[in-house]
1. Within the set of pairs 6+ apart or on separate chains, which have a first residue in segment 75-94 that is more than 14 Å from GLU61 (Cα to Cα), a second that is assigned to a helix (DSSP H, G or I) and of a type outside the set (Val, Ile, Thr), and C-beta atoms under 6 Å apart?
2. Sort out which residues of segment 194-226 are of a type in the set (A, V, I, L, M) and out of contact with any Phe, Trp or Tyr (no Cβ under 8 Å at 6 or more places or on another chain), and write them in order of number.
3. Does segment 61-80 hold any residues that are over 12 Å from ASP98 (Cβ atoms), of a type outside the set (D, E, K, R) and surrounded by fewer than 20 Cβ atoms within 10 Å (Cβ to Cβ), and which are they?
4. I need the full set of residues from segment 90-105 which are of a type in the set (D, E, K, R) and surrounded by 19 or more Cβ atoms within 10 Å (Cβ to Cβ), in order please.
5. Could you check segment 258-282 and list, in sequence order, the residues that are of a type in the set (Val, Ile, Thr) and assigned to a loop (DSSP other than H, G, I, E, B)?
6. Across segment 165-187, what is the total count of residues that are part of a loop (DSSP other than H, G, I, E, B) and in contact with a strand residue (DSSP E or B) (Cβ under 7 Å, 6 or more places away or on another chain)?
7. Please name all residue pairs, on different chains or six or more residues apart, with Cβ atoms under 7 Å, provided the first residue is in segment 113-124 and is among the aliphatic types (A, V, I, L, M) and the second residue is part of a helix (DSSP H, G or I).
8. Only one residue in GLU263, GLU244, GLU211 is touching a strand residue (DSSP E or B) at 6+ places or on another chain (Cβ under 8 Å), acidic (Asp, Glu) and within 28 Å of LEU101 (Cα to Cα). Which one?
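Nothing in this text is a laboratory measurement; each read-out follows from the coordinates by a stated rule. A quick note: this is a predicted structure, and the numbers were derived from the prediction, not measured. Here the Cβ positions follow ideal geometry from the backbone for every residue, glycine too, while neighbour counts run over all protein chains shown.
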Amino acid sequence: MNLQGAFTAIVTPFKNGKLDFKKLMELVELQISAGIDGIVPVGTTGESPTLSMEEHIEVIENVVKAARGRCLVIAGTGANSTAEAVHLSITAKNAGADATLQVTPYYNKPTQEGLYRHFSEVADEVGLPVVLYNIPGRCGVPIAVETIARLSRNKLFVAVKEAGGSAERVSAILDACGMTVLSGDDALTLPMMSLGAKGVISVASNIVPAEVKKMVDLANANDFAGAMKLNRKLYPLFRDLFVETNPIPVKAAMAMMGMIEEEYRLPLCEMSPKNRDMLKKTLKACGMI
């Protein structure tokens, strides 16, 4: 699998505390109509930690059903229990997902050898392509470049989503093994692509899918002047969508735009009034509300 382009880490819409599958299907259709390359359900942005196992599986099944093969579906099926990650990944495979996104196990902070064994077992037991997800700020431990290089010998490992805040990691990974790198941070997408990354798993594309897709396509076509122009336009949005913990700001923005109900599950809650006002001003300045 050759992964490149713009992939949306889609939100999970709620209504009166329950999953809103009708709205989820509408959001998938909006993404596909905008030309997005793929959708990533139940990742961090999809509030996977507060979904039950049954809900987690239902979201994946519904996204695959809505996509109908028109774009890739990379299912978030990572866990800090290897057995749970294998189980979720098998259900995603049975549902028709194209690949899985495997986050670094959180809280238990495994060693690099433990990470290698964890990811290898998921890949070997399930047989789906795997996108590694490096986000040490949430998980407490990074996937070392050496571990990525070691995993890259297994052809099921097709890419790594880099959300560690360092563009330099792109160069280090490409130097070590050449595995495809996707940005996990909207604001770093263009800097990372200038170093060889092939795209982004984006939060901002929940609300501006066509613009994020265009910026990535321009960069992949080596039109960095055109991509930079779009990046400058979108930067205030990239910045303010992370003014509080993701996905709080993007859900607030989508609610302001009339796309979803603004609902979260504790421990996530509404934005502070100050940050909400700042986000609203940015959306107005960008002509989105």
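1. GLY78/ALA85; ALA79/ALA85; THR82/HIS118; THR82/GLU121; VAL86/GLU125
2. Let us first name the residues in segment 194-226 that are of a type in the set (A, V, I, L, M), namely 195, 197, 200-201, 203-204, 207-208, 210, 212, 215-216, 218-219, 221, 225.
Across segment 194-226, the qualifying residues are LEU195, ALA197, ILE207, VAL208, ALA210, VAL212, MET215, VAL216, ALA219, ALA221, ALA225.
3. Applying the first criterion (over 12 Å from ASP98 (Cβ atoms)) to segment 61-80 yields 61-62, 65-66, 68, 76-80.
After this cut, where a residue has to be of a type outside the set (D, E, K, R) as well, the list is 62, 66, 76-80.
Result: ASN62, ASN80.
4. Applying the first criterion (of a type in the set (D, E, K, R)) to segment 90-105 yields 93, 98.
If the condition is that a residue be of a type in the set (D, E, K, R) and surrounded by 19 or more Cβ atoms within 10 Å (Cβ to Cβ), then ASP98 is the only one that fits.
5. From segment 258-282, those of a type in the set (Val, Ile, Thr) are 260, 282; that's our starting set.
Listed by number, the list holds a single entry, ILE260.
6. Let us first name the residues in segment 165-187 that are part of a loop (DSSP other than H, G, I, E, B), namely 165-167, 177-179, 184-185.
From what is left, the residues that are in contact with a strand residue (DSSP E or B) (Cβ under 7 Å, 6 or more places away or on another chain) are 179, 184.
Total satisfying the criteria: 2.
7. Every condition considered, the pairs that remain are LEU115/THR147; VAL122/THR82; VAL122/ALA85; VAL122/VAL86; VAL122/SER89.
8. Details: GLU244 fails: touching a strand residue (DSSP E or B) at 6+ places or on another chain (Cβ under 8 Å); GLU211 fails: touching a strand residue (DSSP E or B) at 6+ places or on another chain (Cβ under 8 Å).
Of the residues listed, the single one that is touching a strand residue (DSSP E or B) at 6+ places or on another chain (Cβ under 8 Å), acidic (Asp, Glu) and within 28 Å of LEU101 (Cα to Cα) is GLU263.
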